[in-house]
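S.K.: Here it is, the structure in full.
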Amino acid sequence: MNRFPVLRLSACVLALASGGAIAAVNLPQLNIDKTQTSVSGLSSGGFMAVQLHVGHSATFKKGAGIVAGGPFYCAEGSITNATGRCMASPAGIPTSTLVNTTNSWASAGSIDPVANLQASKVYLFSGSIDSTVKPGVMDALKTYYNSFVPTANVVYKKDIAAEHAMITDDFGSACSTKASPYINDCNFDLAGAILGHIYGTLNARNNNTLPEGNFVEFNQSQFITNHGMAPTGWAYIPQACTTGTHCRLHVVLHGCQQNVTLVQQKYVRNTGYNRWADTNNMVMLYPQTSTAATNSCWDWWGYDNANYAKKSGPQMAAIKAMVDQLSAGGTTPPPAALPAPTNVAASNPTASAMTISWSAVTGASSYNVYRNNSKTNALPVTALNFTDTGLAAATTYSWTVKAADANGAEGAVSAAAAGTTTGTPPPAATCYTASNYAHTIAGRATALYGYTYANGSNQNMGLWNIYTTTTLKKTGTNYYVIGTCP
């Protein structure tokens, strides 16, 4: 009669001893501020963090931390490129081509619009003696990000003689060591530096023993099976975040040979992130590869799927689904309404340019300038003036300015300021009404970052596609403005 209970107990003991999924739970739905989600990673996790940041920029637009990674789609689907130019021979990285691919994929909807990156904060770290991913690869990554993220939003630290590893200030091997678990004590709190740059001033970290109950092994199979990913992953969830407190979410991606199977929980527990999470209401999500993945790496060159860098890539989609589930109990708060800039003025006219200036707005991180209701600046303006170029001679224009917060949300529009350029009046105008795509084919406009800009005036015509129709007025040789003809 007692035989069956004994068998059931033995099965449970065996499952626990082998690390079976019996210990894993499904990810909870928490009150996550969806505007405060970010990502960081080391090595293959660094490349994957770039993929998530750029590919799912609507989700990860708060920012990213990249340690020993490289530009988006660096390998272009080739293991030869991955191990060559993207690790050992960075001079061969075609950065401008990768920027063009990013814009093309964004226009096609394969990745999120690149405009989401304009308000991101990016922290880059390269060990000066990294012999696996050479510092030049990170230099190329910085050049790549310069096409999408304001220079002021990017920090690049490369002055520590660190080998290929995640850097801490109190755990791991000697700083110059390259060996498992690839965590080195370099007397520098890299996790804190990344989180501090992305989120701003933080509460002091918890240097005491963290509550064991805050470490959660979760069921990754709920989101993906195989594709180089383990059946379970890990998360650090502060107790306050389980009781309804509004929290932030940061995804942490390990490097090759660093999953739980190979280094146990060293990366999950000892890289420094959780101590900051505990005192700042942050959830840390640690997705895991499996040993079935090539070298236990994340897919950043196509070993699993040709669409590895797109939103449809299996690993990309799985991590996005994990973030969505964790955030399902939260909301996206409405942006704070910034007041309109004052004292907007147009000055220093030439035949093709005008300087627009304004007074600072408290709480503003940047500003956007509009000419005749069309945005003129490609990247956020952090100064209190902007020179608008490509104007027609002897023509009157009107400008307004909007302040934007750290998330890129714009406030109220300013009063308009008018100004007239110098020079000879342009010839009589001719108008063309067509789709934005047709305008570019006809040579009246150009496409950039998924948007269309009129030749000469550089006015933003909206999305580059066959559905958006715009009337362009030709006012000079290869010079067009948005408008109508009488």
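The values are calculated or read from the model by the stated rules, or taken from the named source; none is laboratory data. It should be emphasised that the depicted structure is a prediction, and the values quoted were computed from it without experimental measurement. Backbone-built Cβ (ideal geometry, glycine too); neighbour counts: all protein chains shown. Heavy atoms of the whole protein, side chains included, go into the accessibility calculation; ligands, DNA and RNA do not. Shrake-Rupley method; radii C 1.70, N 1.55, O 1.52, S 1.80 Å.
S.K.: For the stretch 79-143, rounded, prolate or oblate, judged on the Cα gyration tensor with a ≥ b ≥ c (square roots of eigenvalues), a/c < 1.5 rounded, else prolate if a/b > b/c?
M.R.: Details: a/c = 2.87, a/b = 1.56, b/c = 1.85.
Oblate, because a/c is 1.5 or more while a/b does not exceed b/c.
S.K.: With the convex hull built on the Cα atoms of the stretch 363-438, state its orientation-averaged projected area in nm². Could you put the intermediate results ahead of the total?
M.R.: Details: hull surface 27.5 nm².
Taking the Cα atoms of the stretch 363-438, their convex hull projects to 6.9 nm² on average.
S.K.: With the Cα gyration tensor of the stretch 228-335 giving a ≥ b ≥ c as the square roots of its eigenvalues, does the rule (a/c under 1.5 for rounded; else a/b larger than b/c for prolate; else oblate) give rounded, prolate or oblate? The partial results should precede the final answer.
M.R.: Values: a/c = 2.67, a/b = 1.41, b/c = 1.89.
Verdict is oblate for the stretch 228-335.
S.K.: Based on the Cβ-Cβ distance of Asp170 and Asn385, what FRET efficiency does E = 1/(1 + (r/R0)^6) give at R0 = 35 Å, to the nearest 0.05? Intermediate results must be reported in sequence, preceding the final value.
M.R.: On the way: r = 46 Å, r/R0 = 1.32.
After rounding, the FRET efficiency stands at 0.15.
S.K.: Mind jotting down the three principal axis lengths of the stretch 196-243 based on Cα atoms? Whole angstrom, largest first.
M.R.: 39, 26, 21
S.K.: Take each of the peptides 234-245, 139-150, average the number of other beta-carbon atoms within 10 Å over its residues, and list them starting from the highest.
M.R.: Values: 234-245: 18.2, 139-150: 21.2.
The peptides rank, most packed first, as 139-150, 234-245.
S.K.: How much of the accessible area of the chain, probe 1.4 Å, is carbon plus sulfur, in whole percent?
M.R.: Values: 10380 of 19530 Å².
C and S atoms contribute 53 percent here.
S.K.: Could you tally the net charge around Ala406, taking each other residue with its Cβ under 14 Å from the Cβ of Ala406, Lys/Arg +1 and Asp/Glu -1?
M.R.: On the way: positive: Lys61, Lys62, Lys121, Arg248; negative: Asp33, Asp405, Glu410.
Net of charged neighbours comes to +1.
S.K.: Evaluate 2.2 N^0.38 Å with N set to the residue count of the stretch 107-182, then give the Cα radius of gyration divided by it.
M.R.: Numbers: Rg = 15.3 Å, N = 76, 2.2 N^0.38 = 11.4 Å.
Against the compact-globule rule of thumb, the ratio is 1.34.
S.K.: Using the alpha-carbon atoms, what tilt in degrees (0 to 90, nearest 10) does helix 190-199 show relative to the longest principal axis of the chain?
M.R.: The angle comes out at about 40 degrees.
S.K.: Between Asn372 and Asn465, how high is the FRET efficiency from 1/(1 + (r/R0)^6) when r is the Cβ-Cβ distance and R₀ = 22 Å? Nearest 0.05. Display every interim value, and only then the final one.
M.R.: On the way: r = 22 Å, r/R0 = 1.01.
Once rounded, the FRET efficiency stands at 0.50.
S.K.: With a probe of 1.4 Å, find how much accessible area the chain has per residue, and write the answer as a whole number in Å².
M.R.: On the way: 19530 Å² over 486 residues.
With the other protein chains kept in place, the chain gives 40 Å² per residue.
S.K.: So what is log10(I(q)/I(0)) for the stretch 49-157 at q = 0.19 1/Å, when the Debye sum runs over its Cα atoms only?
M.R.: Relative scattering, expressed as log10 I(q)/I(0), comes to -0.92.
S.K.: Any chance you could tell me what percent of the C-alpha pair distances in the chain go past 30 Å?
M.R.: Details: 61263 of 117855 pairs.
For the chain, the fraction of Cα-Cα distances above 30 Å is 52 percent.
S.K.: Something else: Just grab the label-to-label distance for Thr294 and Leu210, each label 7 Å out from Cα along the Cβ direction, in nm (one decimal).
M.R.: Placing both labels 7 Å beyond Cα along the Cβ direction yields 3.2 nm.
S.K.: Could you please state, rounded to a whole Å, how far the C-alpha centre of the stretch 416-451 is from the C-alpha centre of the stretch 80-95?
M.R.: Distance between centres, Cα-based: 40 Å.
S.K.: Taking the stretch 143-302 as the region of interest, what is the percent of Cα-Cα pairs per 10 angstrom bin, listed from the shortest bin to the one with the maximum distance?
M.R.: Each 10 Å bin holds this share of Cα pairs: 10, 34, 37, 18, 1.
S.K.: Separation between the Thr350 and Ala438 pseudo-spin-labels, each 7 Å from Cα along Cα→Cβ, expressed in nm?
M.R.: Spacing of the two 7 Å Cα→Cβ label points: 3.6 nm.
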